[in-house]
Amino acid sequence: NLSLTIMKKSVKLYTPENMLEAFYHAIHTNTLNRLHIPHSSVFYVRAAIEAKTGKRYTLKHVENAMKHEGMLDDV
């Protein structure tokens, strides 16, 4: 009888554009600890960019740009 041990990895799942749906799905599947939720400032900056330019960037794109500019800690 061969026993295999599978180690759980803590993998952060990036938040999709529909935050509420992703949140409830993570609760339902018991994966809330793996869900990445960006800082609230990312949502505000994205909304401001969209209001000014009419272009809607992904949360990941805005968060990465903010980290690159030193506006967010690299967590």
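Just so you know, all these numbers are worked out from the coordinates, no wet-lab data involved. All of these numbers come straight from a predicted model, not from anything done at the bench. Glycine gets a Cβ as well: all are built from the backbone with ideal geometry, and neighbour counts include every protein chain shown.
Points worth noting:
- Each of Ser40, Leu72, Thr53 was placed along the dipole of segment 13-75 (beta-carbon charges, centred on the mean Cα), and the one lying farthest toward the positive end is Thr53.
- Residues whose amide H falls under 5 Å from that of Leu35, counting only those 5 or more places apart or on a different chain, are Leu13, with hydrogens built in the peptide plane.
- For segment 50-60, the Karplus equation 6.51 cos²θ - 1.76 cosθ + 1.60, evaluated at θ = phi - 60°, returns couplings of 5, 5, 7, 10, x, 9, 9, 8, 6, 4, 4 Hz by residue, with Gly and Pro reported as x.
- A simple rule links phi to the HN-Hα coupling: the Karplus curve 6.51 cos²θ - 1.76 cosθ + 1.60 with θ = phi - 60°, which for segment 36-42 gives 8, 10, x, 4, 4, 4, 5 Hz, with x for Gly and Pro.
- For Leu72, residues with placed amide H under 5 Å, excluding near neighbours: Lys67
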